[in-house]
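The values are calculated or read from the model by the stated rules, or taken from the named source; none is laboratory data. Quantities reported herein were computed from a predicted structural model and do not represent experimental measurements. With ideal geometry, Cβ positions are generated from the backbone for all residues, glycine too; neighbour counts draw on all protein chains shown. Only protein heavy atoms, including side chains, enter the accessible area calculation; ligands, DNA and RNA are left aside. Shrake-Rupley method; radii C 1.70, N 1.55, O 1.52, S 1.80 Å.
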Amino acid sequence: MKSGFVFQPIRPIIRWAIALLLFVLMIGASRVCHAAATTAAQQPVPAELVAAIKSLKTADADARQKVYDLIAVKGDARLIPALKAYKNGTLLLDNDQLQTFGERQTLPDLGSVIPVIDAITGKPVVGKDGKTIFIPKPNLSKAMRAPRPPEKKTIAELIATLSLLDPDPAVRIASIRDAAEHAARAVPDPGDADQLFNMMDKCAAVLNAKSATQPSAEDSAAMKNALSAMAAVKAEKPKAVVVPAPSQTTVSALQTALRAVNRTAPDDSIASCLSAATQYLDQLDMRKKVLDDLPKTDAALKRQLEAAPSGPFTAPLHEAIASIDLIIGDDPTRIAAAGALGKVGTSRAANLLGKVVDAAGRANDQPLKDAAAAALKSANRYQSEVHFIQTTFAGLSAGSVYVLIALGLSIIFGLMGVINMAQGEFMMVGAFATFVVAQAFKRYLPNAYDYYLVAAVPAAFLASAIIGYIAESLVIRHLYGRPLETLLATWGIGLILIWAVRRQFGDNVSISPPHWMEGGWEVAPDLVFPLNRLYIILYCAICIAIVYYVVNGTKLGLLLRATTQNREMAAALGVATRRVDGFTFAFGAGLAGLAGVAVPLYNKINPNVGQEYIVDCFMVVVVGGVGKLAGVIWAGLGLGFIGKYLESLLGMVPSVASGASVIGKVLVLLLIICFLQMRPQGLFPPKGRNADA
């Protein structure tokens, strides 16, 4: 018996799905092994360092400096909370245990309280009764005395250095990359002076007007000094890439002159200009502090690279070192660093190179400008490649969701002739069934929460399938052959489901994904594939394989195909066609429920979530050819790719970038209309009950 589905074209997809399954399982296995290795590698903080922190309570200035030096050489990032508490004056030494305070909580029996936590391990401190110690407010009478401001600066620098040695690989890499971004903050931004220049223009107009009214000699001299200081500020040019213009000297002179004028001839414009000058000087102080910290950070990064010249931290270390060398190095070092950043090509490198090109141009440093411009061109080319790959992956991800949702509609709409407007609501039922299962695991099996999807998948399928079977038995089976009436009936069923779910669960709910689905897989610098999307793609491939097996390898599939192709002959051979119709509709609704399992993994859910997908779902089925699984696959993936590519292209046009998503969907709809004009039966012409429709 020939299948009503066209399965021959999707056999390569099935093979690729199996390969993808094995590939993702390898990723998961590597993450598990990595997590186990990381956990095993976490050893207690060395007793020598803990003792050094404790000694700060009674140590003099020289002894405290030795402690800081020891931590800098043998430091451990787990000391950061204790150092922060000591710096803020909230570190306690009680019963030979370093303690500090957590965030305030509101508990039913205790009210608003603060937990006492171990400053080294971060775990709550428990009393003799085995319960966490809570206090109404911190008692700082027993806390170690906070250090003086000069020592606080030393501790702050020590904390910044320790953050580069965090035992958590993800945190350490983030800290190293943050060090690279700090280098960009040291480059003067010409936009910082814009507000100052605007206020200077207004102030100059006021001073010129006052000068024309024959002021006193003292006022006239003060005004001339202020105007001269403004001219000096505007005339100043940067002498080097990291030298700001206007400089602190000229702006300070302007500030002094404006204060003199404001004392003798006060005016709002003069006060505003004085405020802008003060704000600009504050920005210069911030950049100077960043610039002063870069050599120490650079030394810490180079020590770390020398200690481990290969490994997962090598690439971010090289990038961070090159970023800092581009700012504080000599001329040959800067040019070499620019070339290195061009090869790295990350967004951080491109941002820094763009700033350096602009700053070198203003400072007339042509060799550095040329080197940075060439490196920026290389980095932008790499970013274009990354953007294209990310857009392709986003299209694959979106297309997989479309396919997942349209699988059930392809059976119901394509093979049964029912325009099921409630397909999105069946998906919504599956999403809320997943929510119920997740909440049950969180409440009754919290240690097994990471595995709630194992129970959520069958629960979502059964919940949607049972409701679908009931709907078919009570309503749909009386409307076969009347597609417009099935449209209205299923629309009404969808409204009932929305009302019922909203009454039970409210509007917006969310589900925390399992920990093994958090984060992403970084295959190259700046190229990260979210793990939840990877697993959704895998989930879609598995669902396609299941549908293929059910339709072609089970008795239900055989009866379904027989009833679809020739209902009268099937009934004459003893097939209970009405029962088959019920199971078929339930199967299609259950597939929508399976799609509902995937949606909460990347989006919030609400009773109307199904309506966001129903139009795309019908477009996929119509373009692919009603009743054709292969058509659903190719159309779903194709619409996913086309939509994301169009959205990406429109995002590059400033005039339409804000509405790129909506305009992209409109263009996709126009393309579908044009396609159906040329091929009204879709990619694969329909067969079975609707062959002559």
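Looking at 220, 163, which is the one that is assigned to a helix (DSSP H, G or I), farther than 30 Å from residue 314 by Cβ and open to solvent by less than 60 Å² (accessible area, probe 1.4 Å)?
Criteria check complete, one pass: 220.
Which condition does residue 446 not pass, out of (1) touching a residue at least 60 places away in the same chain (Cβ under 8 Å); (2) over 24 Å from the mean Cα position of the chain (by Cα), if it passes all the others?
(1)
Assuming residue 51 fulfils every condition listed in (1) outside any helix (DSSP H, G or I); (2) over 15 Å from residue 155 (Cα atoms) apart from one, which condition is it?
Only one criterion is unmet by residue 51, namely (1).
From the list 252, 275, exactly one residue is closer than 30 Å to residue 156 by Cα, open to solvent by 50 Å² or more (accessible area, probe 1.4 Å), in a helix (DSSP H, G or I) and at pLDDT 85 or above. Which is it?
Answer to the check: 275.
I'd like the residue in segment 120-143 that is among the small types (Gly, Ala, Ser) and without any contact (Cβ under 8 Å) to a residue 40 or more places away in the chain and, out of all such residues, is most open to solvent (accessible area, probe 1.4 Å).
141
Name the residue, out of 294, 341, that is in contact with a Leu (Cβ under 7 Å, 6 or more places away or on another chain), open to solvent by less than 40 Å² (accessible area, probe 1.4 Å), closer than 27 Å to residue 380 by Cβ and not basic (Lys, Arg).
On the way: 294 fails: in contact with a Leu (Cβ under 7 Å, 6 or more places away or on another chain).
Exactly one of 294, 341 is in contact with a Leu (Cβ under 7 Å, 6 or more places away or on another chain), open to solvent by less than 40 Å² (accessible area, probe 1.4 Å), closer than 27 Å to residue 380 by Cβ and not basic (Lys, Arg), namely 341.
Kindly indicate the residue of segment 258-272 that is in a helix (DSSP H, G or I) and over 14 Å from residue 225 (Cβ atoms) and also least open to solvent (accessible area, probe 1.4 Å) among those meeting that condition.
Taking segment 258-272 as the starting set, the residues that turn out to be in a helix (DSSP H, G or I) are 258-264, 268-272.
Then keep just the ones that are over 14 Å from residue 225 (Cβ atoms); that gives 268-269, 271-272.
Details: 268: 129, 269: 22, 271: 45, 272: 51 Å².
Among residues in segment 258-272 that are in a helix (DSSP H, G or I) and over 14 Å from residue 225 (Cβ atoms), the one least open to solvent (accessible area, probe 1.4 Å) is 269.
Residue-wise test of (1) open to solvent by 10 Å² or more (accessible area, probe 1.4 Å); (2) touching a residue at least 40 places away in the same chain (Cβ under 8 Å); (3) more than 30 Å from residue 638 (Cα to Cα).
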position	(1), (2), (3)
346	no, yes, no
350	yes, no, yes
358	yes, yes, yes
363	yes, yes, yes
370	yes, no, yes
396	yes, yes, no
400	no, yes, no
418	no, yes, no
424	no, yes, no
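Within segment 191-199, does at least one residue satisfy the condition of being more than 20 Å from residue 276 (Cα to Cα) and open to solvent by 70 Å² or more (accessible area, probe 1.4 Å)?
Taking every residue of segment 191-199 in turn, none turns out to be more than 20 Å from residue 276 (Cα to Cα) and open to solvent by 70 Å² or more (accessible area, probe 1.4 Å).
If I ask for residues that are surrounded by 22 or more Cβ atoms within 10 Å (Cβ to Cβ) and closer than 24 Å to residue 436 by Cβ, which ones from segment 468-481 would you list?
To start, the set of residues in segment 468-481 that are surrounded by 22 or more Cβ atoms within 10 Å (Cβ to Cβ) comprises 468, 471-472, 476.
468, 471, 472, listed by residue number.
Being farther than 30 Å from residue 347 by Cα and either open to solvent by less than 80 Å² (accessible area, probe 1.4 Å) or at pLDDT below 85 (or both), is that true of even one residue in segment 510-522? Talk me through it step by step, then tell me what you get.
In the first step, residues of segment 510-522 are kept if they are farther than 30 Å from residue 347 by Cα; the result is 510-511.
Those still in the list that are either open to solvent by less than 80 Å² (accessible area, probe 1.4 Å) or at pLDDT below 85 (or both) too: 510-511.
Yes: one or more hits.
Scan the helices (runs of 4 or more DSSP H) fully inside segment 541-602 and keep the ones with 3 or more residues being touching a residue at least 12 places away in the same chain (Cβ under 8 Å). Full working, then the answer.
On the way: elements: 555-565, 567-572, 577-598.
Per the criteria, 555-565, 577-598.
State which residue is most open to solvent (accessible area, probe 1.4 Å) when the search covers only segment 299-322 and only residues that are over 28 Å from the mean Cα position of the chain (by Cα) and aliphatic (A, V, I, L, M).
Taking the candidates together, the pick is 307.
Give the residue that is nearest to residue 303 (Cα to Cα), with candidates limited to residues of segment 63-104 that are open to solvent by 70 Å² or more (accessible area, probe 1.4 Å), modelled with pLDDT of 85 or more and of a type in the set (S, T, N, Q).
65
Residue check, residue 662 against (1) under 19 Å from residue 387 (Cα atoms); (2) out of contact with any Ser or Thr (no Cβ under 6 Å at 6 or more places or on another chain), all met but one. Which one?
Of everything listed in (1) under 19 Å from residue 387 (Cα atoms); (2) out of contact with any Ser or Thr (no Cβ under 6 Å at 6 or more places or on another chain), residue 662 misses just condition (1).
Answer yes if at least one residue in segment 494-503 is surrounded by 18 or more Cβ atoms within 10 Å (Cβ to Cβ), among the hydrophobic types (A, V, I, L, M, F, W, C), modelled with pLDDT under 90 and touching a Phe, Trp or Tyr at 6+ places or on another chain (Cβ under 8 Å), and no otherwise. Give the derivation first.
Let us first name the residues in segment 494-503 that are surrounded by 18 or more Cβ atoms within 10 Å (Cβ to Cβ), namely 494, 497-498, 501.
Filter once more, so that each one left must be among the hydrophobic types (A, V, I, L, M, F, W, C): 497-498, 501.
From what is left, the residues that are modelled with pLDDT under 90 are none.
No, that holds for no residue.
When the residues of segment 323-334 are filtered to those that are more than 27 Å from the chain's Cα centre (by Cα), part of a helix (DSSP H, G or I) and not β-branched (Val, Ile, Thr), which remaining residue is surrounded by the fewest Cβ atoms within 10 Å (Cβ to Cβ)?
332
Kindly evaluate residue 174 against the criterion of being in a helix (DSSP H, G or I), free of Cβ contacts under 8 Å to residues at least 60 places away in the same chain and closer than 30 Å to residue 323 by Cα. Give the derivation first.
Details: in a helix (DSSP H, G or I): yes; free of Cβ contacts under 8 Å to residues at least 60 places away in the same chain: yes; closer than 30 Å to residue 323 by Cα: yes.
Yes.
Going by the structure shown, is residue 584 crowded, with 20+ Cβ neighbours inside 10 Å and of a type in the set (S, T, N, Q)? Lay out the reasoning, then the answer.
Working: crowded, with 20+ Cβ neighbours inside 10 Å: yes; of a type in the set (S, T, N, Q): yes.
For residue 584, the condition - crowded, with 20+ Cβ neighbours inside 10 Å and of a type in the set (S, T, N, Q) - is met.
Being assigned to a helix (DSSP H, G or I) and within 24 Å of residue 65 (Cβ to Cβ) is the filter here, so list the residues in segment 118-152 that pass it. Walk me through it before giving the result.
Filtering segment 118-152 down to residues assigned to a helix (DSSP H, G or I) leaves 140-142, 149-152.
Once the filter is applied, which keeps residues that are assigned to a helix (DSSP H, G or I) and within 24 Å of residue 65 (Cβ to Cβ), segment 118-152 yields 149, 150, 151, 152.
Just to verify a result, which residue in segment 184-217, among those that are of a type in the set (Gly, Ala, Ser) and part of a helix (DSSP H, G or I), is farthest from residue 360 (Cα to Cα)?
Initial filter on segment 184-217 (of a type in the set (Gly, Ala, Ser)): 184, 186, 191, 193, 204-205, 209, 211-212, 216-217.
Retained after the next criterion (residues that are part of a helix (DSSP H, G or I)): 184, 191, 193, 204-205, 209, 211, 217.
Values: 184: 14, 191: 15, 193: 17, 204: 30, 205: 33, 209: 38, 211: 39, 217: 44 Å.
For segment 184-217, the residue satisfying everything is 217.
Quick one: what pairs do we get from segment 504-520, first residue closer than 12 Å to residue 453 by Cα, second part of a helix (DSSP H, G or I) and open to solvent by 60 Å² or more (accessible area, probe 1.4 Å), C-beta under 8 Å, 6+ apart or different chains?
Going by the 8 Å Cβ cut-off, the qualifying pairs are 514/451; 516/31; 516/32.
Say whether the condition of being touching a residue at least 60 places away in the same chain (Cβ under 8 Å) and either more than 15 Å from residue 146 (Cα to Cα) or out of contact with any Ser or Thr (no Cβ under 6 Å at 6 or more places or on another chain) (or both) is met by at least one residue in segment 90-104. Write out each step before concluding.
Restricting attention to segment 90-104, the residues satisfying the condition of being touching a residue at least 60 places away in the same chain (Cβ under 8 Å) are none.
No, the conditions are met nowhere in segment 90-104.
So for segment 335-347 (the condition being under 26 Å from the mean Cα position of the chain (by Cα) and assigned to a loop (DSSP other than H, G, I, E, B)), does at least one residue qualify?
Of segment 335-347, the ones under 26 Å from the mean Cα position of the chain (by Cα) are 341-347.
Retained after the next criterion (residues that are assigned to a loop (DSSP other than H, G, I, E, B)): 345-346.
Scanning segment 335-347, I find at least one residue that is under 26 Å from the mean Cα position of the chain (by Cα) and assigned to a loop (DSSP other than H, G, I, E, B), so the answer is yes.
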